[in-house]
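J.: Sharing a structure here in structure tokens format.
The values are calculated or read from the model by the stated rules, or taken from the named source; none is laboratory data. Treat the numbers as computed from the prediction; the structure is a model and nothing was measured. Here the Cβ positions follow ideal geometry from the backbone for every residue, glycine too, while neighbour counts run over all protein chains shown.
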Amino acid sequence: MKFSAQEEYGLRCLLRIAKYYDTERILTIPEISEAEGITLHNTAKILRTLRLGGFLESERGQSGGYTLTRSPDKIYIGEVLNVLGGRLYDEKFCEAHSGAADICTNTIDCSLRSLWKFMQDAIDKVVNNLTIKDLLGSESQLTSLINGNAALQIVE
């Protein structure tokens, strides 16, 4: 299973902007592009998606750029991923993957559907309990947070 480049880059852009949330600093597309090693075109496209998703606001003009619309501790990773790429599994999953048939040949009794749903539930459990603020810490801090938080445990 892979996350798309848009999902990864989108999170990286949000994290870059979130670092300056408590300051007056507004980051521009070229600054974010250079800092993250993403092309200007992709950076602009991703920031537009994040703005339309309600995570960013933009300021036009010479001193313009992007800022968060709310505090990093109020932006959940799950909602960001849903805006950037959608869910791995949802109720219409089987309709979209039916092959040449109108409906999937395993619609009645499908063990794969159970697997996809379990995986989506496990992912949701983690990403819907982590915020952008949680990702601003170090890798070891995030690992400790995940290991120490019962809400983030996938298997109980």
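J.: Mind listing just one residue for me: the one in region 16-37 that is more than 15 Å from residue 132 (Cβ to Cβ) and in a loop (DSSP other than H, G, I, E, B) and, of those, modelled with the lowest pLDDT?
T.: 24
J.: Could you check, for region 16-35, whether at least one of its residues is surrounded by 18 or more Cβ atoms within 10 Å (Cβ to Cβ), under 30 Å from residue 113 (Cβ atoms) and touching a helix residue (DSSP H, G or I) at 6+ places or on another chain (Cβ under 9 Å)?
T.: Checked against the condition, which is being surrounded by 18 or more Cβ atoms within 10 Å (Cβ to Cβ), under 30 Å from residue 113 (Cβ atoms) and touching a helix residue (DSSP H, G or I) at 6+ places or on another chain (Cβ under 9 Å), region 16-35 yields no hits at all.
J.: Looking only at region 118-141, which residues are surrounded by fewer than 17 Cβ atoms within 10 Å (Cβ to Cβ) and in contact (Cβ under 8 Å) with a residue 60 or more places away in the chain?
T.: Selection gives 119, 133, 136.
J.: Does residue 54 qualify as being at pLDDT 95 or above, under 25 Å from residue 125 (Cα atoms), of a type in the set (Gly, Ala, Ser) and part of a helix (DSSP H, G or I)?
T.: Numbers: at pLDDT 95 or above: yes; under 25 Å from residue 125 (Cα atoms): yes; of a type in the set (Gly, Ala, Ser): yes; part of a helix (DSSP H, G or I): no.
No.
J.: Checking residue 62 against (1) modelled with pLDDT of 95 or more; (2) surrounded by fewer than 20 Cβ atoms within 10 Å (Cβ to Cβ): exactly one of these is not met. Which one?
T.: (1)
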